[in-house]
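> Take a look at this one; I'll ask things after.
Every number here is computed from the coordinates shown, using simple stated rules; none is lab data. It should be emphasised that the depicted structure is a prediction, and the values quoted were computed from it without experimental measurement. Reconstructed Cβ throughout: ideal geometry from the backbone, glycine too, with neighbour counts over all protein chains shown.
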Amino acid sequence: MVWIVPTPTHVPEKPLFLFVLSNTETAHIPDISAAGKTPELTDYTPAGDAEVVETGNIVSVPVLPITPPYNTPTPAIITCAALNLTGIPHMFVNAGLKVVPDVSFVDLMAKPGFDIRKPVAVYDTKGIFERAQKLGRDIRDTTDHLLIGESIPGGTTTAMGVLNALGYDGNVSSSSCSNPLELKNRIVKEGMAASGIKYGSLRDDPLHAITCLGDPMMVAVAGIVSGIDGIEVVLAGGTQMAAVFAVIKHLGINTDNISIATTKYVVNDESANFRELVDELGVPVYTADPGFGASNLTGLQRYEAGDVKEGVGAGGAMYLAQMYGISQKKLRLEIEKICMKLF
């Protein structure tokens, strides 16, 4: 059964999955993010995601990363299952966390992002980029196929802000079945006003766009990709990774070896314009279907209803599983095993 379109055919010798973890105070704006039971609890989500990917459960984090109102489980379960079945090595990168997970990670010494309605959303953007660039150079000889996932609640709003600053229509997707686009647009406009910028005015200065309206994850991923130049890179995510690709493109970094892998939930999201955006950017996209419609677990069925669409590299994890000959059903059964342990 074809469940990744187009089907990846090349099996790399040295794949590596990198997870960039960050927080932004933008997630504290009521109704902006569904990546946690309350806006304040989103501070724990990236750390919880990392622990679920690493162990199949939370370790030090006091609350599971879930999406209300149906307690839909984090997409970290998809990524955990794929890593379990493939045995692919992975790394975590702290790019501005408020809560640190009980896993090994590389620390980029970044501060968490601020509310984009403040004049500065990300401090020390240039420094984060340079440290991330060094990390990319450091791991360059260890991999021939790098996948990069992210976890940052509120990240679709910051993605919209950066896309607008670069001159792209940023109708982003959402972690909720009800996408609060009107609210996100208003927050972005307030952020642009606070920073004194206009639509498209930072097209030639993408790092400043992140400083004003972005988050630390975006600059970290851009820096890593810059440092690892020449290696095949898959940005594992939806509209947030499309925004990162836009940043990379406008920085003048070679994009010939870069693609995006995401879920059908992002691609088919009628409230967003993901298809139009990636076509305009000229980035190849892999679309993955986890087959959750065949699951008996309510939490997984809620994905089909649009409660959760992407995150923690889920699309890239499924792309990787297919690449290694794992069937959709085998992956789904492994996901269900993890899910039943969590709940």
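> Tally Lys/Arg at +1 and Asp/Glu at -1 over every other residue whose Cβ is under 15 Å from the Cβ of Asp229; what's the total?
Details: positive: Lys134, Arg137, Arg140, Lys249; negative: Glu130, Asp138, Asp141, Asp144, Glu232, Asp256.
That works out to -2.
> Output the Cα-based Rg and Dmax of the stretch 53-120 in Å, rounding Rg to one decimal and Dmax to a whole number.
14.7, 45
> Turning to a different aspect of this structure: Would you mind counting up the charge near Asp205? Only other residues with Cβ under 15 Å from its Cβ, with Lys and Arg at +1 and Asp and Glu at -1.
Working: positive: Lys126, Lys198, Arg203, Lys249; negative: Asp204.
Value of the local net charge: +3.
> Sticking with this structure for a sec: To the nearest 0.05, what FRET efficiency results for Lys134 and Asn257 with a Förster distance of 22 Å applied to their C-beta separation? Intermediate results must be reported in sequence, preceding the final value.
Numbers: r = 20 Å, r/R0 = 0.90.
It comes out at approximately 0.65.
> Let me ask something additional. Using mean projected area of the Cα convex hull in nm² as the read-out, say which of [x] 15.6; [y] 18.2; [z] 14.1 was calculated from these coordinates.
The value matching this structure is [z].
> For the stretch 193-199, what does the Karplus curve 6.51 cos²θ - 1.76 cosθ + 1.60, with θ = phi - 60°, yield as ³J(HN,Hα) per residue in whole Hz, taken in order and with x for Gly and Pro?
Using θ = phi - 60°, the values come out as 5, 5, 9, x, 10, 10, 3 Hz.
> Whose amide H sits under 5 Å from the amide H of Thr263, counting only residues 5 or more places off or on another chain, with H placed in the peptide plane?
When sequence neighbours closer than 5 places are left aside, the close amide H contacts are Ala288, Gly315.
> Could you put Ser259, Ser33 in order, starting from the residue whose Cβ has the fewest other Cβ atoms within 10 Å? Write out the running numbers ahead of the final one.
Working: Ser259 20, Ser33 25.
Final ranking by Cβ density, sparse to dense: Ser259, Ser33.
> Please give me, ordered by residue number, the GluC sites (Glu not before Pro) of the stretch 236-319 that lie in loop per DSSP and have at most 15 other Cβ atoms within 10 Å.
On the way: sites: Glu270, Glu276, Glu280, Glu304, Glu310; in loops: Glu270, Glu310.
Answer by residue number: Glu270.
> Taking the inverse of the average 1/r across all pairs of different Cα atoms in the stretch 1-137, what Kirkwood radius in Å do you get? Could you put the intermediate results ahead of the total?
Values: mean 1/r = 0.0606 Å⁻¹.
Across the stretch 1-137, the inverse of the average 1/r is 16.5 Å.
> What is the extension gain from Ser60 to Met340, computed as 0.36 nm multiplied by their sequence separation minus the C-alpha to C-alpha distance, in nm to one decimal? Mind dumping the intermediate values first?
Values: separation 280, 0.36 × 280 = 100.80 nm, distance 1.95 nm.
Contour length minus Cα-Cα distance gives 98.8 nm.
> Another question, if that's okay. Taking θ = phi - 60°, what integer Hz values does the Karplus form 6.51 cos²θ - 1.76 cosθ + 1.60 yield along the stretch 222-228, in sequence order, with x for Gly and Pro?
4, x, 4, 5, 4, x, 9
> What ranking, highest mean first, results for peptides 213-220, 314-321, 67-74 when packing means the other Cβ atoms within 10 Å averaged over each residue? Kindly include the intermediate steps, with their values, before the conclusion.
On the way: 213-220: 33.9, 314-321: 30.5, 67-74: 19.5.
Highest to lowest by the protection proxy: 213-220, 314-321, 67-74.
> Give the lysines whose C-alpha is closer than 20 Å to that of Lys126, dropping any in the same chain fewer than 8 places away, or say none.
Cross-link targets: Lys111, Lys118, Lys134, Lys249.
> Under the 0.36 nm per residue contour assumption, what length would be gained going from the current alpha-carbon distance of Asp229 and Tyr70 to full extension? Each step should come with its number before you reach the end.
On the way: separation 159, 0.36 × 159 = 57.24 nm, distance 4.18 nm.
Taking Asp229 through Tyr70 to full extension adds about 53.1 nm, to one decimal.
> While we're on this one: Find the relative contact order for the chain and round it to a whole percent, using C-alpha pairs within less than 8 Å whose residues are 6+ positions apart. Walk me through the numbers before you get to the answer.
Numbers: 817 pairs, mean separation 85.9, N = 343.
Taking the mean separation of contacting Cα pairs over the length of the chain, I get 25 percent.
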